[in-house]
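Asks: My questions will all concern the structure given below.
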Amino acid sequence: MAWVYVAMVGLFELWLLQRLRGLGKDPVAAQATPYHFSPDEARLVQRYRFYFTYPTLARDCSSVLSAIGLSGLVLGIWLTFRQAFVPAALIGLNLFAVTRFTKLVAPLLALRMAASRGDRDALLMLEVHDPAWAKINAGNEAERKMAS
C-alpha cells in the first residue's frame, strides 16, 4: 500500500511541476497595461506566477500539499517502525519536494517567516502583495467590462 501512496504522490507532483513549468519564465513587465505593476510588484508576480495566475488552483494545491506533508510524516515513521525502509526513505525525501512546491503555490507563509527573521526582500514582497492583487483585480475587471 505504501507504493500506491508513493505513486499517487509522484503523479500529483509531476502534474504540478508540469503546470508550474508551463507558465514560462518570461519577465513580468512593469508599468504595462492593464496592471501597471511597479518594479517590485512585477518581481513578486514573476516569482510566484502560479499563485497569481491560478489563485483557486494554488489554494487547492496548497491543501493537497499540506495533506501530503502531514501524511508523509506519519507514514514515514510508521513504515520505519514496520521496517519498510525503502518506501519510508522515499516518503521522507519527498518532504523536501513538498516544501519547495508549497513555497511556490502558497508563498505568504514562507514570506512571513522570512520577514520575521529579518529578510528585507521578503518584507518588501509582503508590502507589495496586497497592492499587486488590487491591481490584478482592477485590471481584470476593466478587461471584463471592455469585453461585455
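Asks: Do you know which of the residues in region 105-123 that are closer than 17 Å to residue 49 by Cα and small (Gly, Ala, Ser) is surrounded by the most Cβ atoms within 10 Å (Cβ to Cβ)?
Replies: In this case the residue turns out to be 106.
Asks: Out of contact with any helix residue (DSSP H, G or I) (no Cβ under 8 Å at 6 or more places or on another chain) and not aromatic (Phe, Trp, Tyr): which single residue out of 142, 115, 122 fits that description? Outline the logic, then answer.
Replies: Values: 115 fails: out of contact with any helix residue (DSSP H, G or I) (no Cβ under 8 Å at 6 or more places or on another chain); 122 fails: out of contact with any helix residue (DSSP H, G or I) (no Cβ under 8 Å at 6 or more places or on another chain).
142 is the lone residue from the list that is out of contact with any helix residue (DSSP H, G or I) (no Cβ under 8 Å at 6 or more places or on another chain) and not aromatic (Phe, Trp, Tyr).
Asks: While we're here: Which count do you get for residues in region 30-78 that are within 30 Å of residue 1 (Cα to Cα) and either among the small types (Gly, Ala, Ser) or out of contact with any Phe, Trp or Tyr (no Cβ under 7 Å at 6 or more places or on another chain) (or both)? Quick ask: steps written out before the conclusion?
Replies: Step one: filter region 30-78 for residues within 30 Å of residue 1 (Cα to Cα), giving 57-78.
Filter again for either among the small types (Gly, Ala, Ser) or out of contact with any Phe, Trp or Tyr (no Cβ under 7 Å at 6 or more places or on another chain) (or both), leaving 57-63, 66-74, 76-78.
Residues flagged as within 30 Å of residue 1 (Cα to Cα) and either among the small types (Gly, Ala, Ser) or out of contact with any Phe, Trp or Tyr (no Cβ under 7 Å at 6 or more places or on another chain) (or both) within region 30-78 amount to 19.
Asks: How many residues are open to solvent by 80 Å² or more (accessible area, probe 1.4 Å), under 21 Å from the mean Cα position of the chain (by Cα) and of a type in the set (A, V, I, L, M) if we restrict to region 124-148?
Replies: 0
Asks: Further, regarding this structure: Under the condition of being of a type in the set (A, V, I, L, M) and loosely packed, with under 14 Cβ neighbours inside 10 Å, which residue from region 4-16 is farthest from residue 99 (Cα to Cα)? Please lay out each step first, then the result.
Replies: Going through region 4-16, the residues of a type in the set (A, V, I, L, M) turn out to be 4, 6-9, 11, 14, 16.
Going one step further and asking which of them are loosely packed, with under 14 Cβ neighbours inside 10 Å, we end up with 4, 7-8, 11, 14.
Numbers: 4: 21, 7: 18, 8: 17, 11: 17, 14: 15 Å.
Applying the filter and picking the extreme gives 4.
Asks: Restricting attention to region 46-78, which residues are assigned to a loop (DSSP other than H, G, I, E, B) and open to solvent by less than 60 Å² (accessible area, probe 1.4 Å)? Walk me through it before giving the result.
Replies: If we filter region 46-78 for residues that are assigned to a loop (DSSP other than H, G, I, E, B), which is where we start, we get 48, 54.
Selection gives 48 alone.
Asks: Would you please name the residue that is farthest from the chain's Cα centre (by Cα), looking only at residues in region 68-116 that are polar (S, T, N, Q) and on the phi < 0 side of the Ramachandran plot?
Replies: Looking only at region 68-116, we keep the residues that are polar (S, T, N, Q), and these are 71, 80, 83, 94, 99, 102, 116.
When the remaining residues are screened for being on the phi < 0 side of the Ramachandran plot, the result is 71, 80, 94, 99, 102, 116.
Details: 71: 19, 80: 29, 94: 16, 99: 9, 102: 5, 116: 20 Å.
If we take residues in region 68-116 being polar (S, T, N, Q) and on the phi < 0 side of the Ramachandran plot, then 80 is farthest from the chain's Cα centre (by Cα).
Asks: Pairs please, first residue from region 21-34 and free of Cβ contacts under 8 Å to residues at least 40 places away in the same chain, second anywhere and in a loop (DSSP other than H, G, I, E, B), Cβ atoms under 8 Å, 6+ apart in sequence or on different chains.
Replies: 28/37; 29/37; 30/37; 30/38; 31/37; 31/38
Asks: While we're on this one: Filter region 31-45 for residues that are part of a helix (DSSP H, G or I), in contact with a helix residue (DSSP H, G or I) (Cβ under 9 Å, 6 or more places away or on another chain) and not hydrophobic (A, V, I, L, M, F, W, C); which is surrounded by the most Cβ atoms within 10 Å (Cβ to Cβ)? First the steps, then the outcome.
Replies: Going residue by residue through region 31-45, those that are part of a helix (DSSP H, G or I) are 39-45.
Then keep just the ones that are in contact with a helix residue (DSSP H, G or I) (Cβ under 9 Å, 6 or more places away or on another chain); that gives 40-45.
Still in the list and also not hydrophobic (A, V, I, L, M, F, W, C): 40-41, 43.
On the way: 40: 16, 41: 25, 43: 19.
If we take residues in region 31-45 being part of a helix (DSSP H, G or I), in contact with a helix residue (DSSP H, G or I) (Cβ under 9 Å, 6 or more places away or on another chain) and not hydrophobic (A, V, I, L, M, F, W, C), then 41 is surrounded by the most Cβ atoms within 10 Å (Cβ to Cβ).
Asks: Just for region 79-122: of the residues that are part of a helix (DSSP H, G or I) and basic (Lys, Arg), which one is farthest from residue 4 (Cα to Cα)? Don't jump to the end; show me each part of the working.
Replies: If we filter region 79-122 for residues that are part of a helix (DSSP H, G or I), which is where we start, we get 79-81, 85-105, 107-116, 120-122.
Add one more test, that the residue is basic (Lys, Arg), and what stays is 100, 103, 112, 120.
On the way: 100: 22, 103: 26, 112: 35, 120: 43 Å.
The extreme case among them is 120.
The values are calculated or read from the model by the stated rules, or taken from the named source; none is laboratory data. Predicted, not measured: the structure shown is a model, and the values here were computed from it. Glycine also receives a Cβ, built like all others from the backbone with ideal geometry; neighbour counts cover every protein chain displayed. Each accessible area value is taken on the protein alone, full model and side chains, heavy atoms only, with ligands, DNA and RNA left out. Shrake-Rupley method; radii C 1.70, N 1.55, O 1.52, S 1.80 Å.
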